[in-house]
1. Name the residues in the stretch 326-370 that are in a loop (DSSP other than H, G, I, E, B), of a type outside the set (S, T, N, Q) and modelled with pLDDT of 95 or more, would you?
2. For residues that are of a type outside the set (A, V, I, L, M) and assigned to a helix (DSSP H, G or I), scanning just the stretch 1-19, find the one that is surrounded by the most Cβ atoms within 10 Å (Cβ to Cβ).
3. Would it be correct to say that residue 19 is among the small types (Gly, Ala, Ser), touching a helix residue (DSSP H, G or I) at 6+ places or on another chain (Cβ under 6 Å), within 14 Å of ligand 2 (Cβ to nearest atom) and closer than 26 Å to residue 217 by Cβ?
4. Restricting to the stretch 257-271, give me the number of residues that are without any contact (Cβ under 8 Å) to a residue 24 or more places away in the chain and surrounded by 12 or more Cβ atoms within 10 Å (Cβ to Cβ).
5. Can you pull out the residues in the stretch 104-120 that are among the hydrophobic types (A, V, I, L, M, F, W, C) and either within 15 Å of ligand 2 (Cβ to nearest atom) or in a helix (DSSP H, G or I) (or both)?
6. As an exercise: evaluate residue 128 against (1) among the hydrophobic types (A, V, I, L, M, F, W, C); (2) on the phi < 0 side of the Ramachandran plot; (3) buried (at least 18 other Cβ atoms within 10 Å of the Cβ) and give the number of the one condition it does not meet.
7. When residues of the stretch 58-110 are filtered for being in contact (Cβ under 8 Å) with a residue 40 or more places away in the chain and either of a type in the set (Val, Ile, Thr) or under 14 Å from residue 41 (Cα atoms) (or both), how many remain?
8. Consider residue 83 against the criteria (1) of a type outside the set (Ser, Thr, Tyr); (2) buried (at least 18 other Cβ atoms within 10 Å of the Cβ); (3) within 11 Å of ligand 2 (Cβ to nearest atom); (4) over 19 Å from residue 12 (Cβ atoms): it satisfies all of them except one. Which criterion is unmet?
Amino acid sequence: MTVEDSRWMARALQVAHKGQFWAAPNPHVGCVLVRDGEIIGEGFTQPAGGNHAEVEALKDAGNASGATAYVTLEPCAHHGRTGPCSEALIEAGVTRVVVGLEDPNPAVSGKGLSRLTDAGVQVTCGLMADQAREMLAGFLWRMERGRGRVTVKLASSLDGRTAMASGESHWITGAPARADVQQLRAASSVILTGSGSVITDDCRLTLRADELTLSGAEVERATRCPPQRAVLDSRLITPASAQVYDDSAATLLFHGADVACTKHYPDSVERIAVPLGGEGLDLHAVFAELNERQHNEILVESGPRLAGALLQEGLVDRILVYMAPVLMGSAANPLMMLPLDDMSQRVHLDTVDVRRVGQDWRFTLVPQVE
Ligand code: AOF
Ligand code: ZN
């Protein structure tokens, strides 16, 4: 592999990024076709059921004979909703394919690469695989662990206080942090919360185009495939008139299996009964249902209690804390996620990233695995 190869794969990753808001449940993949040192075609994954990145790039190029394809994920070999991309590349006369990452999807994994090799195409796999992995984290999580990646978002003051349970209407952080969260929502396929946040905050959990600080094309892609919402309400105590149930997005309403429903929710609400467990719903059963629905990136915007319960069940993969440079003292609730009574029970997290967002700080943390 050459420096040129890295340059084109870096471009393919950039192109892939364009599909991040709309490709789910498919992974957002990028493809760049290069001939004689020049890009002749580019493409990224279209919304589910639409073209994969390679087919888009081939269409863009028109004639790709003799070209090298740089693809961030192994070209598929299966007849799914679309035809196999490895076949399309072979038919187009592409002579070399450089791949970022092998596709863990059992329908593909390795078959795309061998199909290409068998047809006499020169294949290299693993270039900038770490970047591809990072970009496709949610999809890979679902394929490899049977559950999407779970990100918990929390907001607090410098002295670890939170205005209210979840805080949508009580944001203590500034507009840039709010825009950052909107982008996080856009990149998620479902936003999960608990009954407490619905009752106290009447949170909407929707994507708001006017709060997104993105290009016009990106906003268009984000709003075309907005995230679903999910509410955990074991005893169905939330009012059917809550904003989270309005028809601006689809909502999954999880409740206890034996709880009778006497309320009339709008048609955009799908009720799902799951077994009870611990203090509320069996959280593993909830995530199994979300997996059935192919959710790659799951964003939790709840109060600290639900966040803590998920953490204790080992169901949190990433925590984002937005911390405002403000002291709220005893006027506000502490951000208490876990009811621990002993220092020996404390939970350690690894700090992956810390950055300033406007006047606020954003911490990216990952629970340590024992
Ligand atoms: C590619 N290029 O751009 C993407 C791929 O349901 P389908 O037919 O759209 O297939 C979805 C699967 O294809 C998905 O689970 C993943 O394994 C692969 N995604 N493959 O060659 C792409 N997005
Ligand atoms: Zn494909």
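1. 358
2. Going through the qualifying residues, I end up with 8.
3. No; evaluated as a whole, the condition is false for this residue.
4. Going through the stretch 257-271 one residue at a time, the tally reaches 4.
5. Result: 107, 108, 113, 116.
6. (2)
7. The qualifying residues number 6.
8. (2)
The values are calculated or read from the model by the stated rules, or taken from the named source; none is laboratory data. Since we're looking at a predicted model, the values are computed, not measured. Note: ideal-geometry Cβ built from the backbone for every residue, glycine included; neighbour counts use all protein chains shown.
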